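**Q** Could you have a look at this structure, given as structure tokens, before my questions?
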Amino acid sequence: MTVGPGKLVQSILPLACGMTLTVALGNRTSAQQQTLTQHAPAQSAVTFTRDIAPILYRTCARCHRASEAGPFSLLTYADAKSHARQIAAVTKRRFMPPWLPEPGELKFADELRLSDSEIAPIQAWVEQGSVEGNPSDLPPMPKFAEGWQLGKPDVILKAAQPYALPASGSDNYWNFVFRAPVDRTRWVKAMEIRPGDKRLVHHANVLVDRQQNGRRQEQEPGAGFGGMELTIESEAFDPDSHFLFWKPGSIPYVEPDGMALRLDKDTDLILNAHLQPSGKPETLQPTLGLYFTDKPATQHPILVQLENDRMLDIPAGDKHFVVTDEFTLPVDVDVLAIYPHAHYLGKDLQAIAKFPDGRSETLIHILDWNLNWQAVYRYAQPVKLPKGTTISMNFSYDNSDDNVRNPNDPPQRVRAGNRAVDEMAHLWLQVLPANSVQEKEDPRIPIVEAMARHNLQKNPEDFEAHYNLAALLMGRGETQEAIAHFAQANRIRPNEPTVNNAFGAALLAAGRTEESVPHLTAALNARADYFDARYNLGNALASLGDFRGALAQFQVAVRINPEDANAEANLGSAFAETGDLKQAKLHYERALRLNPNHQLARENLQQLSRGTNPR
Amino acid sequence: MSDRLRSVRSFTRVVIAMALLCSASVLSTDSQGLAADLDGKPFDPLHAAAGKVLVLIFVRTDCPISNRYAPTIQQLASRRADQATFFLVYPSRKETPEAIRRHEKDFGYTFAAVRDPQHILVKQSAAQITPEAAVFNASGRLVYHGRIDNLYEDFGHARKTATTHELADAIEAAAAGKRLVGSATPAVGCYISDLE
């Protein structure tokens, strides 16, 4: 190469900057460009050891090393030289490292973004012939923990069966169901997700399934099941509020004290994995490593969801279809993380916070959405949003032929749905509500209520919103309004056992016992082993004086859950009412063994002892 | 019939002249300027395919896009075995015959591979990317080089399935002795490194 390196750098730089200008940054002042030029090592030839290795070590090596997601290592000079032109091309286009958000005021943790002053020397290095340079310039190679990143986990869960990923075909989505091996409630401070061969996995999400929804979708236990999106229902008020996300290069996140994830007995963990065929048949058998803490959660983050699936009805060929939603915060919150989500037509995804004082701030902006590189973005510092702040979501979609990712050829009308050919317009924010001193209410409740009411405004037929609102009102003792929303949820999905049970329980609480029976019965017709519905129906029948009927329900209930002291105590009472005092005593005693402080069982047992032993 | 024969002959003459122009430097470097089979023996696919359409497919063991194409490439090679002779070409000096044999087995390739550490075939084919295909007609003239199909439009911009099939079209045309309209469509994948 005869051209002097100084001259070469100059001739390359405008090109590199030009790319950045159009692709990523929008407007830049000439002063800023001046700064960029000065950053590039223009005085001498760019070398691997001095200029390139530090960049590769910082941004590439995490994935580009053995057993990680990168298809080849980028640790040594030989590695880098062998892929030099590729490195230049993918960094210049900002395809690598994969990082979708535009740089903004708010910083994300682990931002994997190359600066302009890192991209320019890479281009120059390759143009100059990928020179190694002085070995003494080489910085120490980064040290990566081998094996489990946080040391040996307290519990390692392995998927019951491997999944066979075919050699070819388009993207593939598979769900693995893990039975949590805990015999009591435990607190999880961290979870390492090991999806298997990382080169096959674009990203993976773990969802906490307290109702075993997922395993009912398995053809046989442990087989897992297909599907891009998961809907997990939970009847307890415990919003699934932790992002358990894996993407290439991610390091397991350790929750701070007081924010651990609750894991109950009989909870399932579902790993939803987005897979890509590699060209040869592969098998995946993911593992999860759980790290427990003795410190229960004292702070409860919540996921605020913006969405507008009802607006999603994109005409075939539409290049710029916009979907929006706005949600106003009813309390002060700290935003910890953000997760925008669309499928293959998503293009420009943006979320903005408008403060009560009129200021606004971009929470995230992605110019060229790529489903494959989706991620949960955690803010470097929690973002404080005061009560009254309006969060707005603004997503645009390209359903034309120009969008090569369009799964339909030719383009079709696309609506919301869970399949890859459907679309989504979702934005989740993990927020920590400020603890209000005066109110005793869980600070999450106003948010859940505001979200449910907002969703009902958008869609009066929103089943989940009716149900959530009803459950919340019930918890607050506003039984009448709760019953109204349960009734709506029940009208929309008449056979949903969860709703029938909760609706029945609400009617029972309101003294409308006779009306509760058909709903509780319906819940049991749909799910015979539904403990709560058995228990509630037993109570309803007992209230109506049908003690034989109640007895039958409680007998089944204690078989379903032999560790519930209330069911045992009520079974005892049902026996007592039907005259079988011997059985009654037996079950009161069982209730007391399960819970020595069970007031009702103790009192009834004492009464029984006095009555049957007249001394 | 005689008409067709005549036109083919004149076509062939032009082609020979072109081929000489293109490979003048190659010929002068003689046997060391050849690709090699997996046993290390000098090997010239053009010679091996003499009289038949030749398809070279440039691949790399560590290129994810190239690997993802393996089922497509193998299927093409099987289905069009009567129309053309296929070779896989591994252009990286770092990829040893053992690694290539393992790669072929893992990805289900059943046709022969050659190594091209000196980039003789890379230059003859004007190849830049893996995966990239080069089609030489029965007279040894490069009639197409570029992408296999349009599955990838750019890095990170992949279709669900390809809608155009440039390589298959090129083979079809070459086998029928037809001239191609577009003879080079850039491929998307991993750059072939400079000589290592």
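**Q** Go through (1) on the phi < 0 side of the Ramachandran plot; (2) more than 9 Å from chain B (Cβ to nearest Cβ) one by one and return the number of the condition A:G133 breaks.
**A** All conditions pass for A:G133, except number (1).
**Q** For the range B:125-149, which positions are part of a strand (DSSP E or B) and touching a residue at least 40 places away in the same chain (Cβ under 8 Å)?
**A** B:I129, B:T130, B:E132, B:A133, B:A134, B:V135, B:F136, B:L142, B:V143, B:Y144, B:G146
**Q** Among the listed residues B:D30, B:D39, identify the single one that is at pLDDT 90 or above and more than 16 Å from the chain's Cα centre (by Cα).
**A** Every option except B:D39 fails the conditions.
**Q** For A:A45, are the conditions met, namely being at pLDDT 90 or above, assigned to a helix (DSSP H, G or I) and away from chain B (no Cβ under 12 Å)?
**A** No; evaluated as a whole, the condition is false for this residue.
**Q** Restricting to the range B:32-75, give me the number of residues that are touching a Gly at 6+ places or on another chain (Cβ under 7 Å) and among the hydrophobic types (A, V, I, L, M, F, W, C).
**A** Total satisfying the criteria: 4.
**Q** Which condition does B:A134 not pass, out of (1) within 17 Å of B:Y69 (Cα to Cα); (2) crowded, with 18+ Cβ neighbours inside 10 Å; (3) within 14 Å of chain A (Cβ to nearest Cβ), if it passes all the others?
**A** Failing condition for B:A134: (3).
**Q** Just to be sure I understand, how many residues within the range A:283-323 are under 23 Å from A:N372 (Cβ atoms), charged (D, E, K, R) and either under 17 Å from the mean Cα position of the chain (by Cα) or modelled with pLDDT under 95 (or both)?
**A** 2
**Q** So, one more: Of the residues that make up the range A:331-345, is at least one of a type in the set (S, T, Y) and either within 30 Å of A:A167 (Cβ to Cβ) or assigned to a strand (DSSP E or B) (or both)?
**A** Looking through the range A:331-345, at least one residue is of a type in the set (S, T, Y) and either within 30 Å of A:A167 (Cβ to Cβ) or assigned to a strand (DSSP E or B) (or both).
**Q** Would it be correct to say that A:E111 is more than 12 Å from every other protein chain (Cβ to nearest Cβ) and surrounded by fewer than 17 Cβ atoms within 10 Å (Cβ to Cβ)?
**A** Taking the combined requirement at face value, the residue satisfies it.
**Q** May I pose another question? Step by step: first the residues of the range B:91-114, then only those that are away from every other protein chain (no Cβ under 12 Å) and touching a residue at least 60 places away in the same chain (Cβ under 8 Å), then the one that is farthest from A:E282 (Cα to Cα). Which residue is that?
**A** B:V114
**Q** Taking the range A:48-72, which residues are without any contact (Cβ under 8 Å) to a residue 60 or more places away in the chain, crowded, with 21+ Cβ neighbours inside 10 Å and part of a loop (DSSP other than H, G, I, E, B)?
**A** A:C60, A:H64
**Q** Just give me the residues in the range A:451-474 being in contact with a strand residue (DSSP E or B) (Cβ under 8 Å, 6 or more places away or on another chain) and modelled with pLDDT of 95 or more, in sequence order.
**A** The one that is in contact with a strand residue (DSSP E or B) (Cβ under 8 Å, 6 or more places away or on another chain) and modelled with pLDDT of 95 or more: A:H454.
**Q** Hey, another quick one. From B:L76, B:L88, grab the single residue that is within 14 Å of chain A (Cβ to nearest Cβ), aliphatic (A, V, I, L, M) and in a strand (DSSP E or B).
**A** Just a single option satisfies the conditions, and that option is B:L88.
**Q** When the range A:558-569 is examined, which residues are found to be more than 18 Å from A:L600 (Cα to Cα) and part of a helix (DSSP H, G or I)?
**A** Residues satisfying the conditions are A:R559, A:I560.
**Q** I'd like to check something: does the range A:350-372 contain any residue that is more than 25 Å from A:R413 (Cβ to Cβ), crowded, with 18+ Cβ neighbours inside 10 Å, aromatic (F, W, Y) and over 15 Å from the mean Cα position of the chain (by Cα)?
**A** Within the range A:350-372, not a single residue is more than 25 Å from A:R413 (Cβ to Cβ), crowded, with 18+ Cβ neighbours inside 10 Å, aromatic (F, W, Y) and over 15 Å from the mean Cα position of the chain (by Cα).
**Q** Here is a follow-up. Scan A:N308, A:N272 and give me the residue that is within 23 Å of A:W174 (Cα to Cα) and either touching a Lys or Arg at 6+ places or on another chain (Cβ under 7 Å) or in contact (Cβ under 8 Å) with a residue 12 or more places away in the chain (or both).
**A** A:N272
**Q** Among the strands (runs of 3 or more DSSP E) contained in the range A:353-416, which hold 1 or more residues that are aliphatic (A, V, I, L, M) and within 14 Å of another protein chain (Cβ to nearest Cβ)?
**A** Of the strands (runs of 3 or more DSSP E) lying wholly inside the range A:353-416, those with at least 1 residues that are aliphatic (A, V, I, L, M) and within 14 Å of another protein chain (Cβ to nearest Cβ) span A:360-366.
**Q** Looking only at strands (runs of 3 or more DSSP E) that lie completely in the range A:189-301, which have at least 2 residues being in contact with a Phe, Trp or Tyr (Cβ under 8 Å, 6 or more places away or on another chain) and within 14 Å of chain B (Cβ to nearest Cβ)?
**A** Strands (runs of 3 or more DSSP E) meeting the threshold: A:201-209, A:268-275.
**Q** For the range B:150-196, what are the residues that are in a strand (DSSP E or B) and either buried (at least 19 other Cβ atoms within 10 Å of the Cβ) or more than 9 Å from chain A (Cβ to nearest Cβ) (or both)?
**A** Answer for the range B:150-196, where residues must be in a strand (DSSP E or B) and either buried (at least 19 other Cβ atoms within 10 Å of the Cβ) or more than 9 Å from chain A (Cβ to nearest Cβ) (or both): B:Y152, B:A158, B:A184, B:T185, B:C190, B:Y191.
**Q** Go through A:E118, A:E132, A:E146 for me and flag whichever is charged (D, E, K, R), at pLDDT 95 or above and outside any helix (DSSP H, G or I).
**A** After applying the criteria, what remains is A:E132.
The values are calculated or read from the model by the stated rules, or taken from the named source; none is laboratory data. Everything numeric in this text was worked out from a predicted model, so none of it was measured. Virtual Cβ from ideal backbone geometry, glycine too; neighbours counted across all protein chains shown.
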